[in-house]
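> What follows is a structure written as structure tokens; I'll ask about it next.
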Amino acid sequence: MRYNIGLKLIIRVFVFLLIMMVWHLLMLSIRNRIFTFVSLTAVLTMGYFIIIKPIILIENSVNNILKGSFPRKKELKYLGATGENFNLLLDHLMILRESLNILFAASKTITSRVEIDDVINMVLDLVYEKMHLPAVFVSFPTERGFLKIKASRGVSEETVRDSELPNNESFLGRAFLTKETIVVNDAVKKKLPSTGKVMDKEGIKSFIHIPIIVGDKSAGVFTVVSGYKKFFSKDMVKTLTAFADYLAVAIGNSQFYQDMQRFNRRLEQEVESTTEELTNTNLRLISKVKEMKALNDIIFAASSKVDMDEMLLTIIEKIKVITNVSTAGFMIYDKETNMLIGCGDIKGFNLNVLKEEDVLIKSFKNASAFISNELFIESAGDLQKLYKDYRITSLVALPLIEEKVSGLFVLGNKIIGKFLQDDMRFLSVLTSQVAELISRTKLYGQLANRVNDLVVLRDISNTITTAPKLEEIIEVVAEKLVRATGSDYIIFWFLNDSEEKLVPLFPPEYVNQDMKFDIKDSEGIIKYFIEGKARVLKNDEFDNRFDKLKEKYNFESYLFVPLRVEEKKIGFFCLYSKKQNLFNDEKIRFTELVANHSAVIVENARIYGQLKRINVELDRLNKVKDDFVSMVSHELRTPLTAIKGFVHVVLEEEVGRINEQQKKFLGIAKQSINHLNMLISDLLDLSKIESGLITIKMEKVNLSDIVKKSIETSMGQIREKNIEIKVDIDKDALPVEGDSSRLLQVFNNLIFNAIKFSKKDGHIKIVVKDKGNYIFSAITDSGVGIPKEEHKKIFEKFYQVDSSYARTAGGTGLGLYIVKTIIKLHGGKIWLESEIGKGSTFSFLLPKAKKKIVKKTTSINKKLVKTDKSA
């Protein structure tokens, strides 16, 4: 504490001793006994009151404090300022002694379940009475945002009434806004204009404002005032802050308790509301279960029915029991007649969709429900008809909606009560389920139709054989169409070979009848044939040639269906029936499907017949050609051999000398004879290949020797064009198994072609290399080259490259074809590499060995023969 009472007592003793010294010096000078005695008595009396009595009072006070009781403040006022300081010390000691008790009592208060106002008053009472403070109060913000004293002790009513001030005009407001404790121990020096008069009036010398913090916000301010300056020490501030914290906890608990009470009240209301809703939901659920069971019974009963009429009648019987009505039925929309057709209890009640004044027609078109419990007062014609003809007095009509409105569901004459909106809800659900059942039944019907379509198409397709006959196919198609459509008769017409007339081909009895149609006509049947669309015909659309047929069978319905293959029209057929309106959209769709499918089969049969006749003629012509080639080749070879022999004798001058010009002419003749002989050999080989009679005699063959022989054979042409020959043959190359004469023929053809297509002073390279199990050979020339697009065609028979040089060089186009055939017969492969202007390279591989000697006709020849014949 700041008050040093011991120092003041020492000063008092020092002053007394100084007085005694002065008195002693005075007595030494006066020496009067009476005066000495009187003055001594006065000095001792003054010493008692200045020193001895304060010491005794302080000692008694300290002893009383140690015993647990405090002295009365009036006794200490004798000491003056010292007494006041000692009283202040006693107040602090008393507050410190009582603070724990007050805090304990406050903690019990805030943990009890009482109102916040009671808690605040109890805390204020504890602080005010136990701590003997002059005034204490709590302030809270008003609706206007000002702070106002809510509860107080030791504060006048006038001060409480006038305590509402803006927050920024007082220390109280600053503490609230800054959430910081404000301590003022000398209120005289720190007066504010707004609160100075109040402090003077209440005698406030010091005060403390402690914000009450709940969460992160200021909830109010706890204020303690004192009539002493410097009253609020650090310990006092801590104690009072603890009280403010207790108030904050109490306020927080009160707010939490109030929130909990509000939550509990809301929870009770929600539980009550939920319970009521659950009860209502349970009742609705029970109702729904009953409805679902009824729907399930209807669906189960109707699902087993495939026929539409049978299914609708089953639904009607079930609905009448479930909905407690005496009349029920459906009105199904018929697209062909544009009518709503009644069934069930309202069978025969049909409405034309074009009559828009009818209420049920409006309900159908607008997809809306209609309800009436007094049908007899309705003025609409359809409702009056139901009332008069079907004795219906109350009615509900709901639209049947699949992808679009397909009809109406009609209920009439509720047995008990009237039709209500609750009935409409259940009936709407029921109607949607019925619409789904109808849609499903239609799908089953369509599926059955598609299955039937596939069966018919399968049966028609089964008529296709390796050698189809047109008459048999038409007969099967006719029989399937008549049976599937339920018609009575059918006639087929097809374009003749000149495509000028449509002639009947089925039934057979009409083939030669006068029932042809000229394609140039533009009316009647020909008009529909040109349009290429199936259509139902009328009686007057047939000419008089069909009068006998109509009179004989009394036909009432006719269906015209064209036969097309892609965009080409090949004919048509006409179905006849004795029933009226037999051919609906479904039957037209089916007949078009069959027509499109069977038209291809019929056309294929016609083409097959034509090809068969053509192939017979081609086989005959091919045989004539083969015989001619074989005959000519043999007939030409005999005289050529003689001519060649005599030319040789003359050139060798065996019959006499000849001049150089004669030798030259005879040399040209010899070359032409050799060339012609080669052509004849090619033709004979071709004949053997196509007849499958070419043979291969396998033996060990040295390709090096064959290459030399081939070069020697062509040496005359090589010298004539001054062509350089380069030969690159592996010395270690093993011999191959092959026919030496045929392999020589291969090299002769390839080297001859290289010479023929090489220009003068060109070069030719011949390569033979060992490639393991194969021998690789290649002949490269410096000729004109072959276009890439003709590489695959070059090995076909009679094919020649389309160029001016090739046409000049001449040839039959058989050489490369024969070469390829021979190489394949040896188990090898040949290919071409060429660029325009850079020459060509013909390369081929031959296997070195075969397991056994083969002397046979290969299957590849047979394939070639077949290919040639088919071509």
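The values are calculated or read from the model by the stated rules, or taken from the named source; none is laboratory data. Quick caveat: nothing in here was measured; it's all calculated off a predicted structure. Reconstructed Cβ throughout: ideal geometry from the backbone, glycine too, with neighbour counts over all protein chains shown. We work out accessible area using only protein heavy atoms, side chains counted, and drop any ligands, DNA or RNA first. Shrake-Rupley method; radii C 1.70, N 1.55, O 1.52, S 1.80 Å.
> Modelled with pLDDT of 85 or more, touching a helix residue (DSSP H, G or I) at 6+ places or on another chain (Cβ under 9 Å) and among the β-branched types (Val, Ile, Thr) - does that describe any residue in region 533-546?
Scanning region 533-546 turns up at least one residue that is modelled with pLDDT of 85 or more, touching a helix residue (DSSP H, G or I) at 6+ places or on another chain (Cβ under 9 Å) and among the β-branched types (Val, Ile, Thr).
> Moving on to the next point. Could you please let me know if Ser687 is open to solvent by less than 70 Å² (accessible area, probe 1.4 Å), among the small types (Gly, Ala, Ser) and modelled with pLDDT of 80 or more? Spell out the reasoning first.
Details: open to solvent by less than 70 Å² (accessible area, probe 1.4 Å): yes; among the small types (Gly, Ala, Ser): yes; modelled with pLDDT of 80 or more: no.
So Ser687 fails the test.
> Okay, moving on. Kindly list the number of the only condition in (1) modelled with pLDDT under 85; (2) under 30 Å from Ala187 (Cβ atoms) that fails for Met311.
(2)
> Just checking, which of Leu400, Leu408, Leu383 is surrounded by 14 or more Cβ atoms within 10 Å (Cβ to Cβ) and more than 45 Å from the chain's Cα centre (by Cα)?
Working: Leu400 fails: more than 45 Å from the chain's Cα centre (by Cα); Leu408 fails: more than 45 Å from the chain's Cα centre (by Cα).
Only one candidate qualifies: Leu383.
> Consider Asn280 carefully, then state whether it is over 22 Å from Val138 (Cβ atoms), modelled with pLDDT under 85, among the polar types (S, T, N, Q) and not in a strand (DSSP E or B).
It is true that Asn280 is over 22 Å from Val138 (Cβ atoms), modelled with pLDDT under 85, among the polar types (S, T, N, Q) and not in a strand (DSSP E or B).
> While we're looking at this one, here's another question. Go through the residues of region 697-720 one by one and say whether even a single one is part of a strand (DSSP E or B) and not charged (D, E, K, R). Let's see the steps before the verdict.
Pass one, region 697-720, residues part of a strand (DSSP E or B): 699-701.
Within this subset, residues satisfying the condition of being not charged (D, E, K, R) are 701.
Within region 697-720 (the criterion being part of a strand (DSSP E or B) and not charged (D, E, K, R)), the answer is yes, since at least one residue qualifies.
> Oh, and also: If I ask for residues that are crowded, with 17+ Cβ neighbours inside 10 Å and not aliphatic (A, V, I, L, M), which ones from region 511-531 would you list?
Phe517, Tyr528, Phe529
> Residue pairs, Cβ under 7 Å, 6 or more apart or interchain, first in region 356-370 and at positive phi, second open to solvent by 50 Å² or more (accessible area, probe 1.4 Å). List them.
Pairs that qualify, where the first residue is at positive phi and the partner is open to solvent by 50 Å² or more (accessible area, probe 1.4 Å), are Ala367/Ile401.
> Considering region 771-786 alone, what residues qualify as being polar (S, T, N, Q) and assigned to a strand (DSSP E or B)? Outline the logic, then answer.
Let us first name the residues in region 771-786 that are polar (S, T, N, Q), namely 773, 777, 780, 782.
Result: Ser777, Thr780.
> Something else now. When region 647-678 is examined, which residues are found to be assigned to a helix (DSSP H, G or I), open to solvent by less than 80 Å² (accessible area, probe 1.4 Å) and among the acidic types (Asp, Glu)?
none
> Can you find, within region 192-222, the residue that is farthest from Leu172 (Cα to Cα) among those that are part of a strand (DSSP E or B) and under 60 Å from the mean Cα position of the chain (by Cα)? If you could, list the steps in order and put the result at the bottom.
Going residue by residue through region 192-222, those that are part of a strand (DSSP E or B) are 206-214, 217-222.
Add one more test, that the residue is under 60 Å from the mean Cα position of the chain (by Cα), and what stays is 213-214, 217-219.
On the way: Ile213: 14, Val214: 17, Lys217: 16, Ser218: 12, Ala219: 13 Å.
Here the residue is Val214.
> Just checking, which of Phe171, Phe222, Phe140 is under 27 Å from Asp118 (Cα atoms), of a type outside the set (D, E, K, R) and without any contact (Cβ under 8 Å) to a residue 60 or more places away in the chain? Working first, answer last.
Details: Phe222 fails: without any contact (Cβ under 8 Å) to a residue 60 or more places away in the chain; Phe140 fails: without any contact (Cβ under 8 Å) to a residue 60 or more places away in the chain.
Exactly one residue qualifies, and that residue is Phe171.
> While we're looking at this one, here's another question. Output the residues belonging to region 150-184 that are in a strand (DSSP E or B) and farther than 21 Å from Val237 by Cα. Working first, answer last.
Of all residues in region 150-184, those in a strand (DSSP E or B) come to 150-153, 165, 182-184.
Lys150, Leu165 - these are the residues of region 150-184 that are in a strand (DSSP E or B) and farther than 21 Å from Val237 by Cα.
> Is there a residue being closer than 30 Å to Ile10 by Cα and at pLDDT below 60 anywhere in region 105-122? Talk me through it step by step, then tell me what you get.
Pass one, region 105-122, residues closer than 30 Å to Ile10 by Cα: none.
No; the residues of region 105-122 include none that is closer than 30 Å to Ile10 by Cα and at pLDDT below 60.
> Let me ask something additional. Return a yes/no flag: does region 557-580 have any residue that is open to solvent by less than 40 Å² (accessible area, probe 1.4 Å) and either farther than 20 Å from Val594 by Cα or modelled with pLDDT under 80 (or both).
From region 557-580, those open to solvent by less than 40 Å² (accessible area, probe 1.4 Å) are 557-563, 565, 570-577; that's our starting set.
Okay, now just the ones that are also either farther than 20 Å from Val594 by Cα or modelled with pLDDT under 80 (or both), so none.
No, because not a single residue in region 557-580 is open to solvent by less than 40 Å² (accessible area, probe 1.4 Å) and either farther than 20 Å from Val594 by Cα or modelled with pLDDT under 80 (or both).
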